[in-house]
Each structure stands twice: as structure tokens, then as C-alpha cells.
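So the structure is just underneath, and the comments pick up after that.
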Amino acid sequence: MQGGNAENIEDAGAGLMAVIDLGSNSFQMLLVEALNGKVIEIAKFREKVQLAAGLDDEGRLQEATLCRAYQCLSRFAGEIADLDRRNVRAVGTEALRRAVNRAEFVARAQQLLGVPVAVISGEDEARLIYEGVIAEADQPDLITLVLDVGGGSTEMAVGRSGMLEAQASVALGCVGCSRRFFPEQKTSPAEFAEAVSLMQQQLSLLPEQIRGSYWQQAIGTSGTILAIEKTVVENGWCRRGISRTALQQLVERVCAGQTVMQMGLAGVPEDRADIFIAGVAITVALFNELNLEHLKTSPYTLREGLIYAMLEEVD
């Protein structure tokens, strides 16, 4: 997706499209314009809402979390006020799939945004992520495994040249796993190993098309994967992407019994420090269970997949 300047939205033209991803960790919005056969990025917005952390023991979104979410959506609504509502899509993912009061949230979100809000299945999420990544991949003709480690779940898909062969969603997300395994935001080698082992048990139930290792390249996306790549690159453990060796060096650092902020690791985004160790553990479990040696990365994900799905509808 060809990038563009974050120009004033009112002056950006009539062909604007927007997608809103109501994720388990953050709410994100992407504005683009389809121009001369290309999709031009106009602007991106991201706010850390942490819906998954706002679910109580009964699966109900708590009032403080709802308030934070609605305030974010009000700001998003202001950015899309002049867009044709037919060119706007909004979807919710794992935290909303689990929320027992999601109907209340969806009704209010639709009122604020002025567009329908769809809570999509994990399989649809995996498919859309794959489509967003593969549309911009350097070698789309290779059999490709796409991974997305999110705040509430992890999505995986395998396909070639846009033809999807298998997809899956597992309830392993950075927010929930941080609360379950690393409540003090620090860990020891034994605690970390136990967490990874339990995560691998969940991953062992994945379809054979994903676990079978017949794919030719693996591409990771999402804030977690990109944060890990940034960290291993800035610390000199890997030139690009995430290698197994670099990941192991990172594990040795995060298992030192300190919080991420105490470690002083280069490259870790401050707003991901509270869920970073959980993200590393999920990534290690994926490397182990899927026999990964190196993971390429992509900045494209669910939002780009939604854009391409909208363009297909127009065609």
C-alpha cells in the first residue's frame, strides 16, 4: 500500500475510504484513497483502549473501559465526519467476541460512528489479515504462512497468491496472557518456560495445513511482532525480521526478573511495555510449535485486508 502524507481530510478528495479496527488492545483507524489503480494511505490513528483488560471475571466490559472506548470512537467519528458512510467499515475482534455485553457496546459504537459495527469471527479475521499481508508481499506466489499476534487472540493463515488454504484463530493474546502468566510484568526462566509450554498445548490443536511446515515463507504482522522485530534489530541480534537465535537472546533478557522498563531494552515501545513479555512468550510458542527459524514481517494487517475487501465489493 503506497504511503501518502497525512493531509487534511476535508481536502483529500472524494474517493476516501476508512476502516476501523476495534482490537482487544488498541483501536485503530486507517484512511486511504483509491487513485489511479493504487491505494494511497492518507492517515493512521491508534489509541490504546485495552478492551481485553477491561473484561471482568464474568466476561463483561467494565464501565471505565466502555468510557475509554467511547471517547476514542468519538474522536474517530470526528475524523470521518465528511466521508461517504458507504466507504467506512468498522469491525470488532476477540475481546468483543467474548464480551457478554457486546450488544450494548456495538449499539453505542454504531451511534457514535454512524456506521454498522460487525464483530467478526476469528476465522474471518485470519482471512482478512492474510489478504492484507499477501497483497503487499514481495513473493506472493510462494506458499505463505501469515501470523498475527493480537491483544486478545492469535490468527494464522496459509495460502498462495491470495488463494487461502487454511486459517485459524487461537485465544492467545498479549493482554490476557500478560494478566494470566505475568501479572507483575516480569518473569523467571522457569515461569516463562511454563507459560510457553501451556501456550504450545493450545497451538498443538491447529490444522495440519498450518502445523505441517509445508509453507515456503512465514510473515508476521501486528504491533507485537513489529515491536519484537524492532527490539532484536536495535539490539544488534538480527538484521531484519525475527530469527530464532535473536528471539532466544531476547528471551534471556526478559527472563532476568525485571520489568521491561527496568531492563532498558532498546526498541521496546513504551506503550507496549506492559504486554511485551507476554508477546515474546506467544511468539516463542509459535516458533516452537510451527518449527519456525525466521519470520519475515509486514506492516500490513487486518485494516488493509478490509480495504481490499471493500474495493472488491466496488468492482
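The values are calculated or read from the model by the stated rules, or taken from the named source; none is laboratory data. Here the structure is a predicted model, which means the values were calculated and not measured. For the accessible areas, the whole protein counts, side chains as well, though only heavy atoms, and no ligand, DNA or RNA atoms are used. Shrake-Rupley method; radii C 1.70, N 1.55, O 1.52, S 1.80 Å.
Each Cα pair under 8 Å and six or more residues apart adds its separation to the average, and for the stretch 131-284 the resulting relative contact order is 29 percent. Classify the stretch 18-163 as rounded, prolate or oblate, taking a ≥ b ≥ c as the square roots of the eigenvalues of its Cα gyration tensor: rounded when a/c is under 1.5, otherwise prolate if a/b is larger than b/c and oblate if not. Oblate. Computed from backbone phi with θ = phi - 60° and the Karplus coefficients 6.51, -1.76 and 1.60, the 3J(HN,Hα) list for the stretch 50-60 is 6, 4, 4, 6, x, 7, 7, 5, 9, x, 9 Hz; x is used for glycine and proline. Only alpha carbons enter this Debye calculation for the stretch 22-86, each as an equal point scatterer, and the log10 of I(q)/I(0) it gives at q = 0.13 Å⁻¹ is -0.46. Partners of Lys44 within straight-line reach, counting lysines whose Cα lies under 27 Å from its Cα and excluding those fewer than 8 residues away in the same chain: Lys230, Lys296.
Bridgeable aspartates and glutamates around Lys48 (alpha carbons under 17 Å apart, same-chain partners fewer than 8 residues away excluded): Asp21, Glu63, Glu94, Glu270, Asp271, Asp274. According to the square roots a ≥ b ≥ c of the eigenvalues of the Cα gyration tensor, what is the shape class of the stretch 83-225, taking rounded for a/c under 1.5, prolate for a/b larger than b/c otherwise, and oblate for the remainder? It comes out oblate by the Cα gyration axes. Value of Rg to Rh for the stretch 239-315, rounded to two decimals, is 1.11; Kirkwood radius and Rg both from alpha-carbon coordinates. Expressed to the nearest 5 percent, the antiparallel share of DSSP beta bridges inside the chain is 65 percent. As a length-normalised measure over Cα pairs under 8 Å and 6 or more apart, the relative contact order of the chain settles at 18 percent. Taking all protein chains as they are arranged and a probe of 1.4 Å, the heavy atoms of Glu165 leave approximately 90 Å² accessible to solvent. For Rg and Dmax of the Cα atoms in Å, computed directly from the structure shown, the correct entry in (1) 19.0, 56; (2) 25.8, 86; (3) 19.7, 63 is (1).
Solvent-accessible area of Cys67, all protein chains in place: 70 Å² (probe radius 1.4 Å, heavy atoms, ligands and nucleic acids excluded).
Counting heavy atoms of the protein chains alone, Arg75 has an accessible area of about 120 Å² for a 1.4 Å probe.
Could you tell me how many degrees, from 0 to 90 and to the nearest 10, lie between the Cα long axis of helix 102-113 and the main elongation axis, the longest principal axis, of the Cα atoms of the chain? Its long axis makes an angle of about 50 degrees.
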